[in-house]
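Comments concern the structure below.
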Amino acid sequence: MTASCPIREGAFRSPDAEALTFAGRSWTYRELDAEIGRWVAALEARGVGAGDRVALLSTSHPGCVFLFFALGRLGALLAPLNARLTSAELAPLVEDVSPRLRLALSSWVDRLPGAEPLETWADAVTSPSPTCEPLAESTPRVVLFTSGTTGRPKGAVITEGNFRASARCSEANLGKHPAPRWLGTLPLFHVGGLAMLTRCAYDGGCLLLHDRFDADAVNQAIDAEGATHASFVATTLERVLDARADRPMPESFHLALIGGGPVPTPLLARARAARLLALQTYGLTEACSQVTTERPLEADGRTAGPPLPGLDVRIVGPEGEVLGPGREGDIEVRGPTVMAGYLNRPEATREALRDGWLRTKDMGMLDERGRLTVLSRRTDLIVRGGENLYPVEIETVIASHPAVQEVAVVGVTEARWGEVPVAFVVPRAGQPLPGDLDAWCRRSLAGFKVPARFLSIEALPRNAMGKVERTVLRQRALAS
């Protein structure tokens, strides 16, 4: 099965509909189609064709959008690199990609040797190319590198079919919208950002692209620019509510998807009071963003929801046996959103993809209604005296304390129990580390789950993808 460029289709169907906005500028589908055509011409002039790869180092910028769809019309791949990485961290990724061309924001070209400035790269081309090759669903579209928390990052190859299926499955869960306007604050080097971009294109919607997260700009987009959907994590959701002083959302704003882990109950209550429907999700790069999401009419904030329509999730035990509701084990995913594999890593691909199932290396359980609770990554599991402790369970309780901004729990080696949990707590601004955290935890947790220590920290250390660096915290806990 093949499909043509969704922007070209939009230009025929609704040429004057808004497709993209950025920093006060706007492009209709007709204008965006023409701009992408110019970039196709520029790529053809440089000999870029089917199967070639282009490395990109940039924050979210219109040039990223033009490049992504232009490469699609040629059957070439985009390799967006994490803009937070250093030159030393980028070097092995570029080596894996072996790009035909390298582009970067002009201020960052020195970090990507051989790169040309993105902003002006296609300026010399005045006439758009008509080339718009149909793409098979199996055609690779991007290479997205994982965060590398357990070794050298791996490049997940995401196909045209993966993106289309992700949009289709999400729409089946959320409901079709006649003209969605997604707020694009997630970076376009992240699967979540690309999922919003492609979802807008396939649905005939508009991406309100921001180069970074800014709570005031988000609220401006919601209140004055007609944003209908957004994606947040708990901390950015809280910042949005703080910035608007909990003013109710306008009726034009439909919902927000929440990733990155469970949301504290008090924060969900704040969102509901502000007429903000916040749906918890679970996803990963290798499954093209969302895997499970709460259903709009059934959301209660207790789980990450059931699998999206068209996807399957199961929990398996140590020997690969499928476990029933309420049993804890490894999360596996099957469906049309699952990646083609890892670039140049056949052994890693075989390890991750078995009999059609993606082995996520995350742990969780399903309830009787098929809703997923994510417990931890296998590498984050804490084993205290033979009992399994899941950091997310402990973190959820601590994060609900009114004086706590953020928290991360790690396991630290201990002679008697093997491991004990230690909590690193970021207090809210102007407040000290709460002295009642032990008692607070014991109201909701069994005694063996209560952290052995609570350590105050100004900010949680995070890697380039924004994930908490638990290894750094373990070292700090041992040193203290």
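The residues in the range 16-36 that are more than 27 Å from V218 (Cα to Cα) and free of Cβ contacts under 8 Å to residues at least 40 places away in the same chain can be counted, and the count is 0. Does A156 meet the test of being over 14 Å from F68 (Cβ atoms), out of contact with any Pro (no Cβ under 7 Å at 6 or more places or on another chain) and in a strand (DSSP E or B)? Yes: the conditions hold for A156. The set of residues in the range 235-258 that are surrounded by fewer than 20 Cβ atoms within 10 Å (Cβ to Cβ), over 20 Å from H177 (Cα atoms) and touching a strand residue (DSSP E or B) at 6+ places or on another chain (Cβ under 8 Å) contains only T235. If only residues of the range 79-125 that are assigned to a loop (DSSP other than H, G, I, E, B), touching a residue at least 60 places away in the same chain (Cβ under 8 Å) and closer than 15 Å to F189 by Cβ are counted, the one that is farthest from the chain's Cα centre (by Cα) is A115. Residues of the range 85-127 that are closer than 13 Å to T59 by Cβ, modelled with pLDDT under 95 and of a type in the set (S, T, Y): S107 alone.
Search the range 221-233 for residues that are in the same structural domain as G259 (by TED's automatic domain parsing) and small (G, A, S) and pair each with any residue that is part of a loop (DSSP other than H, G, I, E, B) and at pLDDT below 95 when their beta-carbon atoms are under 6 Å apart and the residues are at least 6 apart or on different chains. Going by the 6 Å Cβ cut-off, the qualifying pairs are S231/L186.
There is no residue in the range 219-227 that is under 29 Å from D380 (Cβ atoms), part of a helix (DSSP H, G or I) and hydrophobic (A, V, I, L, M, F, W, C). Restricting attention to the range 4-39, the residues being of a type outside the set (G, A, S) and more than 28 Å from the chain's Cα centre (by Cα) number 7.
Of all the residues in the range 232-251, those that are of a type in the set (F, W, Y) and within 12 Å of R270 (Cα to Cα) number 0. Of the numbered criteria (1) more than 25 Å from A269 (Cβ to Cβ); (2) touching an Asp or Glu at 6+ places or on another chain (Cβ under 6 Å), the one V409 fails is (1). The requirement of being surrounded by fewer than 19 Cβ atoms within 10 Å (Cβ to Cβ) and not in a loop (DSSP other than H, G, I, E, B) is fulfilled nowhere in the range 279-297; no residue meets it.
Of everything in the range 362-414, what is under 16 Å from L473 (Cα atoms) and over 26 Å from the mean Cα position of the chain (by Cα)? Give them in sequence order. Matches in the range 362-414: V412, T413, E414. Of everything in the range 76-121 that is buried (at least 17 other Cβ atoms within 10 Å of the Cβ) and in contact with a Ser or Thr (Cβ under 7 Å, 6 or more places away or on another chain), the residue that is farthest from G47 (Cα to Cα) is A83. Among residues of the range 79-125 being small (G, A, S) and touching a strand residue (DSSP E or B) at 6+ places or on another chain (Cβ under 7 Å), the one that is farthest from K154 (Cα to Cα) is S106. Scanning the range 380-405 for residues that are hydroxyl-bearing (S, T, Y) and in contact with a Ser or Thr (Cβ under 6 Å, 6 or more places away or on another chain), we see that the one that is modelled with the lowest pLDDT is Y390. In a residue-by-residue description of the range 162-176, the property of being more than 15 Å from F68 (Cα to Cα), surrounded by fewer than 17 Cβ atoms within 10 Å (Cβ to Cβ) and at pLDDT below 95 applies to at least one position.
The values are calculated or read from the model by the stated rules, or taken from the named source; none is laboratory data. A quick note: this is a predicted structure, and the numbers were derived from the prediction, not measured. Quick reminder, even Gly has a Cβ in these numbers, built from the backbone with ideal geometry, and neighbours come from all protein chains shown.
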